[in-house]
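*Asks:* Structure incoming, see below.
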Amino acid sequence: MNYRYLMQHISYHLHTFVKQYEKSGQFTSAFCGRVDFSDAFSENKNLKEFLSCPVSFLFPFLFSVNQYHVYAFVPTPKFDFLIGPVRFSQTVHLKYEISKKEGTLSELSSLPLCDFSTLIQDILLIYNLCTEEVLTENDLYALSCTDFQIEEHAEKYFSELVFQNREQGKTHNPYDQEIREFSSIEHGDLEQLKRSLEEDYTGEIGTLAKDPLRHTQNLAIVLITLASRAAIRGGVLSELSFSLSDTYIQQVEECNDIPALIHLAHSAEFHYAQMVHDLKEGKSKNAEKDSSFHINRCKDYIFSHLHGKISVCEIAENLKLNPNYLSGLFQKCEHVTISEFIQKEKIRLVKNLLIYSQYTYAEIAAYLGYSSQSHLGKQFKKYTGLTPGKYREKYGRKEFAEEDK
């Protein structure tokens, strides 16, 4: 093992010191590529006592000196390594702290800034290269960051809450209502979904945050997430369902109106139920969709590559199918050719961009793999009867339509 190169690699990556020690605790070597940087705490009495301790550490762990100066101790069968100091770009509560005295502003400003995950990856690189065991990021987090007081606090709060609810006669809404709600989405039953949402109970929804707005946002995110999974179980393509979920959740994060958040969450539920309903309606009219596995994989590939030029041969190669077989199967099941399906999906995306974005026609054409703006215009008019300009003028947001004039 070329330890010197490994130390240099990590030092250049983190912009800090990497030090090497014998298993006895005796210092052997150090490397830091920064000529303007010194380890102000290398002479810290507590740190030196810690490093010279004869106790054998089996696994890596992180610790801090004076709160913000973070080090990583990495034991290996032949040597022990000390990485640091660094300063995290986000708050991370570590189990081990050598000194609680705060560092000066000048000391803090000189510390290299890094993400928690970046340091973790370099720790794992040393440890897993030098040992037969494989340590994961979750293992390291448990060794260095898990605060058992938080777990104890959660248990205590849980016990107190259960007792208070029993004393006050508080209950949550029944689980069977939730089953009916999301089962209706899974089966595309819009009427059942409407009835389930109209059910009235004396119970309460759990508290998801102390702040009422954040509570409602969290509740909306939960509802949208559960609805997206129900739709997938109902047959909606996972990529489509996840993308729709992302869209709704981003709207939730930007909304600060509690009634609007509730409406948004229920709109998402009905949207998913409608998708499943449309899917099942199509299937009932086409009993020949036993080969839906290949068709769904084909559609997944198309949805993931709509931004480029897609050919039948390219899709077939990716699915490891004969192009002629795939073309025939798709047309038999969907009653449309693959090329026509691709065009319709692209046109659907073009409509969305014309309505909700201010991209130029040339930018949209380039983004979706059309050979030119003229080619986009011809295809768009073929499927919609309107030019992109007329469509944006008729359906687009006013400010975008005016910018094109």
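*Asks:* Could you tell me which chymotrypsin sites (Phe, Trp or Tyr not before Pro) in the stretch 197-267 are loop residues by DSSP with no more than 13 other beta carbons within 10 angstrom of their beta carbon?
*Replies:* Numbers: sites: 201, 242, 248; in loops: 201.
Here the chymotrypsin sites (Phe, Trp or Tyr not before Pro) that fit, given the DSSP loop and packing criteria, are 201.
*Asks:* Once the piece of chain linking residue 331 and residue 253 is laid out straight, how much longer is it, given 0.36 nm per residue of separation minus the C-alpha distance between them?
*Replies:* Working: separation 78, 0.36 × 78 = 28.08 nm, distance 4.10 nm.
Here the answer is 24.0 nm.
*Asks:* Set the Förster radius R0 to 51 Å, insert the Cβ-Cβ distance between residue 373 and residue 97 as r into 1/(1 + (r/R0)^6), and round the FRET efficiency to 0.05.
*Replies:* On the way: r = 61 Å, r/R0 = 1.20.
Efficiency, from the Cβ-Cβ distance: 0.25.
*Asks:* Related question: At residue 134 and residue 200, where each label point lies 7 Å from the Cα along Cα→Cβ, what is the point-to-point distance in nanometres?
*Replies:* Modelled inter-label distance: 5.7 nm.
*Asks:* Under the definition of Cα pairs under 8 Å and six or more residues apart, what whole-number percent is the relative contact order of the stretch 289-403? Show your work: numbers first, answer last.
*Replies:* Working: 92 pairs, mean separation 26.1, N = 115.
Once normalised by length, the contact order is 23 percent.
*Asks:* Turning to a different aspect of this structure: Fewest Cβ neighbours within 10 Å first, please rank 183, 64 accordingly.
*Replies:* Numbers: 183 17, 64 22.
So the residues, fewest neighbours to most, are 183, 64.
*Asks:* Neighbour counts of other C-beta atoms within 10 Å: give me 158, 31, 380 arranged from fewest to most. Mind dumping the intermediate values first?
*Replies:* Details: 158 10, 31 18, 380 26.
Ordered by Cβ neighbours within 10 Å, fewest first: 158, 31, 380.
*Asks:* Can you give the FRET efficiency for residue 213 and residue 363, using 1/(1 + (r/R0)^6), R0 = 45 Å, r = Cβ-Cβ distance, to the nearest 0.05? Each step should come with its number before you reach the end.
*Replies:* On the way: r = 36 Å, r/R0 = 0.81.
That gives a FRET efficiency of 0.80.
*Asks:* Here's another thing I want to ask about it. If a paramagnetic tag sat 7 Å from the Cα of residue 309 along the Cα-Cβ line, which residues of the stretch 344-385 would have the backbone N under 11 Å from that point?
*Replies:* Counting backbone N atoms under 11 Å from the label point, the list is 369-372.
*Asks:* Here is a further query. Please list, in chain and number order, the residues 5+ apart from residue 76 or on another chain whose amide H is under 5 Å from its amide H, with Hs placed from the backbone.
*Replies:* Distant-sequence amide H within range of residue 76: 81.
*Asks:* With a 10 Å Cβ neighbour count serving as the proxy for reagent exposure, in which order, fewest first, do 91, 247, 131 appear?
*Replies:* In order of increasing Cβ crowding within 10 Å: 91, 247, 131.
Read-outs throughout are calculated quantities, based only on the coordinates presented, and are distinct from any laboratory measurement. This structure is a prediction, so every number in the text was calculated from the model and none was measured. Counting neighbours? That spans all protein chains shown, and the Cβs are built from the backbone with ideal geometry, glycine included.
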